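Novice: Take a look at the following structure, please.
Bear in mind that the values in this text are calculations on the coordinates, not laboratory data. Quantities reported herein were computed from a predicted structural model and do not represent experimental measurements. Cβ atoms come from the backbone with ideal geometry, glycine included; neighbour counts cover every protein chain shown.
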Amino acid sequence: MGGINNLLYNKEDKKHIDRMLTSKEVMEHLHIKDRRTYNKLLNDGLPYLKVGKECLTPISEYEKWIKNNLHS
């Protein structure tokens with residue numbers, strides 16, 4: 001493997017990086033329609049990586065955040 005695959009895969013254990021959720025996917029999962037509410041979540045600790053204008057959230061970090069912050 002070469003190119004982008006070298007960035008995505010560790011040669012020793014063949015693990016790949018987390019899938020990233022888009023802001024739209026997070027908003028749909030949380031049933032949020034208001035962008036201001038989503039931005040408040042980012043300010044309150046929802047993990048994300050800013051790429052251009054998009055905020056991407058690693059799925060494993062999102063799952064941890066859900067478990068730690070949402071109560072039934």
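Novice: Where Lys and Arg each count +1 and Asp and Glu each count -1, what net charge lies around Leu70 among other residues with Cβ under 13 Å from its Cβ?
Specialist: Taking every Cβ under 13 Å from that of Leu70, the sum is 0.
Novice: Here's something else I'd like to know. What would the Debye formula give as log10 I(q)/I(0) at q = 0.24, 0.31 Å⁻¹ for the alpha-carbon point model of the range 19-72, no solvent?
Specialist: These q points yield log10 I(q)/I(0) values of -0.99, -1.58.
Novice: May I ask you to compute the full-extension gain from Ile17 to Asn39, defined as 0.36 nm times their residue separation minus their alpha-carbon distance, rounded to one decimal in nm?
Specialist: Stretched out fully, the Ile17 to Asn39 stretch lengthens by 5.4 nm.
Novice: By the scheme Lys and Arg +1, Asp and Glu -1, what is the net charge of all other residues having a beta-carbon under 14 Å from that of Glu28?
Specialist: The answer is +1.
Novice: Give me the net charge of Lys40's neighbourhood, meaning all other residues with Cβ under 15 Å from the Cβ of Lys40; Lys, Arg count +1, Asp, Glu -1.
Specialist: +1
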